[in-house]
Amino acid sequence: MNIKNILFSTQDKFKVVGVENGFDQLRIYVQSKQKNSVCPNCCMPSRKVHSYYTRTFHDLPAFGKASLLFLRSRRFYCLTDECALGVFSERFSTYFSPYKRRTSRLEKKLLNMALNAGGKPAERLCKQLSISISDTILLRLIHNAAIPEQETLTAIGVDDWAYKNRDRYGSILVDLHTRKIIDLLPDREESTLRKWLKEMPGINIITRDRYGKYQKAATKGAPQTQQVTDSKTITVRDGSSEDKATLEVNNPSTRLKETKFRY
């Protein structure tokens, strides 16, 4: 099997020109086969080559060894007279992003590990996988990651969380359908939660504990909702569970009734 088909898909315009098998490192030399490149400033294609240079990328490890890709790339002349860039570097749609030292597929795996394990645990895990990286870089990947678009919320849970036990607390908001944290509020004040709820008109169910300020915030900020008061603290769990809860209807003439709510 051609090693090019292992590293890249058949549609990718790259050519593997050499492989060096070191003691603890695989060195793979790659060359671009693109016929032209688009100027990032004026978006006009160019085929006129200015010069060649080599870019180095860390890639996913293989056979217990770290992988280094050496990409022979090109600089092109921009053919537009009015363009401010006289010369620009070759751009690629996959794997190799501008100003990066790691391939996009490696960064995606590192981000997933950092999100699931945290900074220091993910760093120790990476060392076992022959990936040299620090916890600071892993946390920076989380900080720079794009926030996914949030779907319309219909059922949420609210509880407190501690910056420091017995010292300072905030409020945590959880989507009851996905069981994922959607926001962290800086305090447990009624005004903060009430303002947040007013910006989410689609919510129709709120689960909470018996903290009075949460009750007032839910009643004033989202009067259309039904409030589920749980005797336990709301926690985010991996598996599903079914607990007895009290459904408190906002109509004061309606008595509290007991029901089962799945979250």
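From the residues in the range 1-42 that are of a type in the set (Phe, Trp, Tyr) and in a loop (DSSP other than H, G, I, E, B), which one is nearest to the chain's Cα centre (by Cα)?
Taking the range 1-42 first, the residues of a type in the set (Phe, Trp, Tyr) are 8, 14, 23, 29.
If we keep only those that are in a loop (DSSP other than H, G, I, E, B) as well, we get 8, 23.
On the way: Phe8: 24, Phe23: 34 Å.
Applying the filter and picking the extreme gives Phe8.
For the range 78-92, indicate whether the set of residues that are surrounded by 14 or more Cβ atoms within 10 Å (Cβ to Cβ) and under 23 Å from the mean Cα position of the chain (by Cα) is non-empty. Checked the range 78-92: at least one residue is surrounded by 14 or more Cβ atoms within 10 Å (Cβ to Cβ) and under 23 Å from the mean Cα position of the chain (by Cα).
If you go through the range 20-47 one residue at a time, how many are among the basic types (Lys, Arg) and farther than 30 Å from Ile3 by Cα? Of the residues in that region, 0 qualify.
Please find, among Leu71, Leu111, Leu85, the residue that is farther than 26 Å from Asn144 by Cα and either of a type in the set (Phe, Trp, Tyr) or in contact (Cβ under 8 Å) with a residue 24 or more places away in the chain (or both).
Details: Leu71 fails: farther than 26 Å from Asn144 by Cα; Leu111 fails: farther than 26 Å from Asn144 by Cα.
Every option except Leu85 fails the conditions.
Might you check whether a residue that is more than 30 Å from Phe8 (Cβ to Cβ) and assigned to a loop (DSSP other than H, G, I, E, B) occurs anywhere in the range 108-126? It would help to see each step written out before you state the result.
So in the range 108-126, the residues more than 30 Å from Phe8 (Cβ to Cβ) come out as 118-121, 124.
If we keep only those that are assigned to a loop (DSSP other than H, G, I, E, B) as well, we get 118.
Yes.
Of all residues in the range 43-90, those being modelled with pLDDT of 90 or more, under 24 Å from Gly18 (Cβ atoms) and part of a loop (DSSP other than H, G, I, E, B) number 1.
Just to verify a result, which residue in the range 127-165, among those that are acidic (Asp, Glu) and not in a strand (DSSP E or B), is farthest from Leu193 (Cα to Cα)? Before the answer, list the steps.
Just the residues of the range 127-165 that are acidic (Asp, Glu), to begin with: 135, 149, 151, 159-160.
This time we only want the ones that are not in a strand (DSSP E or B), so: 135, 149, 151.
Numbers: Asp135: 33, Glu149: 21, Glu151: 19 Å.
Applying the filter and picking the extreme gives Asp135.
For the range 189-209, the criterion of a residue being more than 16 Å from Gln224 (Cα to Cα), touching a Phe, Trp or Tyr at 6+ places or on another chain (Cβ under 9 Å) and not small (Gly, Ala, Ser) is satisfied by at least one position.
Yes or no: Ile156 surrounded by 13 or more Cβ atoms within 10 Å (Cβ to Cβ) and within 30 Å of Gln226 (Cα to Cα)? Taking the combined requirement at face value, the residue satisfies it.
Given Thr136, Thr103, which one is loosely packed, with under 15 Cβ neighbours inside 10 Å and either among the β-branched types (Val, Ile, Thr) or at pLDDT below 90 (or both)?
Numbers: Thr103 fails: loosely packed, with under 15 Cβ neighbours inside 10 Å.
Going through Thr136, Thr103 in turn, the sole match is Thr136.
The values are calculated or read from the model by the stated rules, or taken from the named source; none is laboratory data. If you're wondering where the values come from, they're calculated on a predicted model, not measured in any experiment. A quick note on method: Cβ atoms are made from the backbone with ideal geometry, for glycine too, and the neighbour counts reach across all protein chains shown.
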